[in-house]
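The values are calculated or read from the model by the stated rules, or taken from the named source; none is laboratory data. Nothing here was measured: the structure is a model prediction, and the numbers come from that model. Neighbour counts run over all protein chains shown; Cβ positions are idealised from the backbone, glycine included. Just the protein is used for accessible areas: all its heavy atoms, side chains included, with ligands, DNA and RNA removed. Shrake-Rupley method; radii C 1.70, N 1.55, O 1.52, S 1.80 Å.
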Amino acid sequence: MINIIWVTMTVIGLLFAAVNGKMKEVNEAIFHSANEAVTLCIGLISVLVFWLGMMRIAQDAGLLQKLSNICKPMIMKLFPEVPSDHPAVGYILSNIIANMFGLGNAATPLGIKAMEQLKELNGGKPYPSRSMITFLALNTSGFTLIPTTVIAIRMNYNSAGPTDIVGTTLVATVCATAGAIIVDRYFYHRRTKKGDK
């Protein structure tokens, strides 16, 4: 579905540019954007490699396990129907910890694995379980302690204070995560009161 949306938007944009005689500007924008994208990706690689390396060191030192142990009771309250020894719990914790450090690229495969495990727990039904909806809400809100990717982008564009975004990001993601949990719980309880579990 998303592919159809992107193709439709691209075709509409190209037709609009052709009708208004702006194809030259569109071509220039395409090549300029492609160049910017490559430059940005190369700039991001160093920061992401550094933080992924730090995550690996933290994992080998047992810090991630300790952080997981701290977060696990809260996760079990958010996902009460998931058994505490189920593989989904590990993937959920890993995804949340990766997001906390702004490592969205590392968090994505962990999130996909968590969702696969939750779908398996749901018996492969064609509709999502309570846990799947809660996980999606948490993942979308993306609680972040250190916005690594944003810092890297700001450094790449020579920001005077690339880490100035940390405090703002923390406040924004705390509000977003709290809002996601409140909305998730509100609709869950409303649905269960109607008897539609």
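Just a few scattered comments:
- Taking the criterion of being of a type outside the set (A, V, I, L, M) and crowded, with 19+ Cβ neighbours inside 10 Å, the residues of the range 144-168 that qualify are 144, 147, 148.
- Check on residue 180, open to solvent by less than 50 Å² (accessible area, probe 1.4 Å) and assigned to a helix (DSSP H, G or I): yes
- Residue 97 vs. criteria of a type in the set (A, V, I, L, M, F, W, C) and under 20 Å from residue 181 (Cα atoms): yes
- Residue pairs meeting the criteria (Cβ under 8 Å; at least 6 apart or on separate chains; first free of Cβ contacts under 8 Å to residues at least 24 places away in the same chain, in the range 50-61; second exposed (fewer than 15 other Cβ atoms within 10 Å of the Cβ) and of a type in the set (S, T, N, Q)): 59/65
- Residue match in the range 145-167 (condition: over 30 Å from residue 40 (Cα atoms) and in a loop (DSSP other than H, G, I, E, B)): no
- Options 10, 39; residue that is touching a residue at least 40 places away in the same chain (Cβ under 8 Å) and among the β-branched types (Val, Ile, Thr): 39
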